[in-house]
Amino acid sequence: MMELRRTVTGRITLTAVATVILLFLALPIVVIIVTSFSSNAFAAFPPKAWTFTWYTSLFADGSKWPAALSLSALVAALSTVFSLVIGVTAATALTRSELPLRSAVYALVLGPLLIPQIVTALGLFLLFEPASMLGSPLAIALGHTVLASPIAVLILVATLRGIDERLEDAAASMGAGRLTIARRITFPLAAPGMIAAAIFSFITSFDEFYISQFLSSVDTVTLPVQIYNSLTFDIDPSVTAISAILIAFAILALALVALVRWLGSGRQEPLLSVENTAGIAAPGGEAV
């Protein structure tokens, strides 16, 4: 591969292959976005005429999309909060403590990512059904947390491992307590990772289908379930419009993650300075 990069022909070949792969991956997205502006009621591609009708119909009177969208946003927000609490706690225990069987615990935390989602959904259904919690936004959010929290743990573990523990040790040696160290050292340095974990947890919950399908009811239908129902039981061309909106939302979320990490890298210099670390504790050893 290195030899290929050193020649002009090799660089052209690698560029062409990479371009073809990127186009292949982006083609379904482009088709969905273009089709969402088609005037054909059967969502034909390529469009013969252009229209914004399917976008305006999303929020028309009697449309089911606003309720599904608001429920998905609520569930995703709750799941994000739960996932961050679990993620920060678990990542701190895995990286800042002498936890017995740490590798086994880490593998157990990441286990839900390896289990088929439909199996997890069935297990959650059997868990919540006797408690009469089916259709509850809280139950759906807790179910989504099973999948979102391992992603948060994965991101936060990598983030905390990238923070030099000598900074925390230096602050502790000058009398700073654990809460002060977390507030002045750990959390500011881990903020980009925490925001990235929150964004990916939100997206994971917002897009989750299987758990929502098993735990939803007639009155509580999330957006992915509503999309499935529209494709299965009805021919609704507005599905392409909501899909295009979701694609735009995902792109904006990824751009936000990149922006946060870029801004966070610029904030690490003053946080890593000796003067800032020394200022965490007063000369007498009392944390400030």
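The values are calculated or read from the model by the stated rules, or taken from the named source; none is laboratory data. Every value quoted in this text rests on a predicted model; they were computed, and no experiment measured them. Heads up, the Cβs are rebuilt from the backbone with ideal geometry, glycines too, and the neighbour counts pull from every protein chain shown. With ligands, DNA and RNA removed, areas are computed over all heavy atoms of the protein, side chains included. Shrake-Rupley method; radii C 1.70, N 1.55, O 1.52, S 1.80 Å.
Per-residue SASA remark: VAL146, around 50 Å² accessible (1.4 Å probe; ligands, DNA and RNA not included). Ligands, DNA and RNA are left out, and with a 1.4 angstrom probe the accessible area of the chain is 57 Å² per residue. Within the chain, the longest segment free of exposed loop sites, counting chymotrypsin sites (Phe, Trp or Tyr not before Pro) that fall outside DSSP classes H, G, I, E and B and have at most 11 other Cβ atoms within 10 Å, spans 53-288.
Working from the Cα coordinates of region 95-154, the gyration tensor eigenvalues give, after taking √(5λ), semi-axes of 27, 12, 10 Å in decreasing order.
How big, in percent, is the set of alpha carbon pairs in region 72-224 lying more than 21 Å apart? Show your work: numbers first, answer last.
Working: 5722 of 11628 pairs.
The share of Cα pairs beyond 21 Å in region 72-224 comes to 49 percent.
Here the spin labels are modelled as points 7 Å beyond Cα on the Cα-Cβ line, and at ALA158 and SER217 they lie 4.0 nm apart.
Computed from the alpha carbon positions, the gyration tensor of the chain leads to an equivalent ellipsoid with semi-axes of 41, 28, 19 Å, biggest first. Backbone N atoms of region 73-97 closer than 17 Å to the 7 Å Cα→Cβ label point of SER103 belong to residues 94-95. Charging the Cβ of each Asp and Glu at -1 and of each Lys and Arg at +1, and nothing else, the dipole of region 72-224 about its Cα centre rounds to 420 debye. Carbon-plus-sulfur accessible fraction, the chain (probe radius 1.4 Å, protein heavy atoms only): 71%.
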